[in-house]
Amino acid sequence: MAELNFLQILLISLWAFWGIIDGLSFNFGMNSCIVACLFTGIVVGNPTYGLIVGGTLQMTQLGVGTYGGASVLNITSSGMITTALGSLSGEDPITLAASIGIALAALFVQLDILARFSNTLFQHIADKYVEEGNTKGINLMNHLGIIPWGLSRGLPVFLLLMFGQPLVDSLMTLIPVWLMEGFKIAGGLLPVVGFAILLRYLPVLKKPQFLILGFVLAAYLKIPVLGVGLIGLVAALIVYQNATSAAPATASTSTGGSDYEE
């Protein structure tokens, strides 16, 4: 099996390091699983593999949010590792994402907790600087506080890619067989649950025609998900344009009525 070179590993690890910082601050989308896996796929020369892995893992967290600072499965880091190693081994991306991808994401939750715990050290020091009125010290502690966050993502990605598949296999031996089978089942069920949560909050009953159209396109016409998504985008743009064009007409009508009454 081919191996990753050091530059590839470094680029992927740096993306993982900065991705969580972007997700907590600038929010340009670098921490999105699909975007991160696509970048990883481009680096290793297989962007399609990255999109499949990223999409599969992203569907497991549809409708999930870190409300109140809750730690959830770290699908971004696990997806990048799965994409990099899986594309080289030639394993099926969906199967790999639903098994090793979910398992690694569950293990990485502990690193997220450790990062949050370590960050409090810098914040307590910053509290002391607040009492002293030391603005430079406060600024420094806030910047140093991003280091645990970045390392919680970048370091495991770097180590697992550096030592390759044998290290991943060693970590997998720590997980009981029954739990691994549970991850596989959960990996198949969670996307369905995610879609159900989204459908619960979307105005499906107001515009059921689009839901039926999407089902027909995917189930009967066998159009790929990207094609269905693009058709959905066209439908959304049409609805948006109709709504925005109707608003000025309504406003002018109401204005004309008031002038007439005067």
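Using modelled amide H (1.01 Å from N, peptide plane; none on Pro or chain starts), what sits under 5 Å from the amide H of SER71, excluding residues fewer than 5 places away?
For SER71, no residues qualify.
Let me make sure I get this right: for region 1-106, a, b and c are the square roots of the gyration tensor eigenvalues over alpha carbons, sorted descending. Under 1.5 in a/c it's rounded, otherwise prolate if a/b > b/c, else oblate. Which is it? Display every interim value, and only then the final one.
Working: a/c = 2.06, a/b = 1.34, b/c = 1.54.
It comes out oblate by the Cα gyration axes.
Ordered by residue, what ³J(HN,Hα) values in Hz, to whole numbers, does region 114-128 give under the Karplus form 6.51 cos²θ - 1.76 cosθ + 1.60, where θ = phi - 60° and Gly and Pro are x?
With coefficients 6.51, -1.76 and 1.60, one gets 5, 5, 5, 5, 5, 5, 5, 4, 5, 6, 5, 5, 5, 4, 5 Hz.
Find out how many positive minus negative residues lie around SER78, taking Lys and Arg as positive, Asp and Glu as negative, among other residues whose Cβ is under 13 Å from that of SER78.
Values: positive: ARG153; negative: ASP112.
Spelling it out: positives minus negatives among the neighbours equals 0.
Once you sort the root eigenvalues of the Cα gyration tensor of region 8-47 as a ≥ b ≥ c, which label holds: rounded (a/c under 1.5), prolate (a/b larger than b/c) or oblate (the other case)?
Note, shape of region 8-47 comes out oblate.
PHE17: net charge of surrounding residues, Cβ under 15 Å, Lys/Arg +1, Asp/Glu -1, itself excluded? Intermediate results must be reported in sequence, preceding the final value.
Numbers: positive: ARG153; negative: ASP22, ASP112.
Local charge sum for PHE17: -1.
May I ask for the net charge around ASN134, where only other residues with Cβ less than 14 Å from the Cβ of ASN134 are counted and Lys, Arg are +1 while Asp, Glu are -1?
-1
What's the extension gain from GLN241 to ASP22 if we count 0.36 nm per residue and subtract their Cα-Cα distance?
Values: separation 219, 0.36 × 219 = 78.84 nm, distance 3.23 nm.
Roughly 75.6 nm would be gained on extension.
List the relative contact order of region 74-164 as a percent without decimals, with contacts defined as Cα pairs under 8 Å and 6+ residues apart.
Working: 71 pairs, mean separation 32.0, N = 91.
Reported as a whole number, the value is 35 percent.
Rounded to the nearest 0.05, what FRET efficiency do VAL130 and LEU11 have when you use their Cβ-Cβ distance and R0 = 51 Å? Don't skip to the end; give the middle numbers.
Working: r = 38 Å, r/R0 = 0.74.
With a Förster radius of 51 Å, E is 0.85.
By average Cβ neighbour count within 10 Å, what is the ranking of 28-35, 221-228 from highest down? Display every interim value, and only then the final one.
Details: 28-35: 19.0, 221-228: 11.8.
Put in order of decreasing packing, that is 28-35, 221-228.
Sorted by mean Cβ packing within 10 Å, highest first, what order do the peptides 200-211, 135-146 take? Can you show the working numbers first?
On the way: 200-211: 10.5, 135-146: 14.4.
Order by mean packing, descending: 135-146, 200-211.
Here, each number is a calculation from the coordinates, and none is a lab measurement. A quick note: this is a predicted structure, and the numbers were derived from the prediction, not measured. For neighbour counting, all protein chains shown are included, and Cβ atoms are generated from backbone atoms with ideal geometry for every residue, glycine included.
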